[in-house]
1. Pull up segment 29-61, narrow it to residues that are β-branched (V, I, T) and in a loop (DSSP other than H, G, I, E, B), then point me to the one that is modelled with the lowest pLDDT.
2. I need a count of the residues in segment 3-20 that are at pLDDT 90 or above and in a loop (DSSP other than H, G, I, E, B).
Amino acid sequence: MGIPEGEAVDCGVGTIVWVRRRNGSWWPGRILGQDELSATHLMSPRSGTPVKLLGREDASV
């Protein structure tokens, strides 16, 4: 399973992805765009791609 070596991966805004959580479980999420982030998130020192966990209104990574 996974992406064959050399193939491009769609990482655009709105793409559905699987996120590995700290507890080791996997959860579906959606890549967020800049216009979907709160001012708090924009000021955060965290790096990486912002992802909203699907089915969880209170969680994002």
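1. Taking segment 29-61 and keeping what is β-branched (V, I, T), we get 31, 40, 49, 51, 61.
When the remaining residues are screened for being in a loop (DSSP other than H, G, I, E, B), the result is 49, 61.
Details: T49: 84, V61: 64.
Across segment 29-61, the extreme among qualifying residues is V61.
2. Our first condition is that a residue be at pLDDT 90 or above; within segment 3-20, this holds for 12-20.
Applying the additional criterion that residues be in a loop (DSSP other than H, G, I, E, B) yields 12-15.
So the answer is 4.
The values are calculated or read from the model by the stated rules, or taken from the named source; none is laboratory data. Just so we're clear, the structure is a prediction, and the values are computed from it rather than from any experiment.
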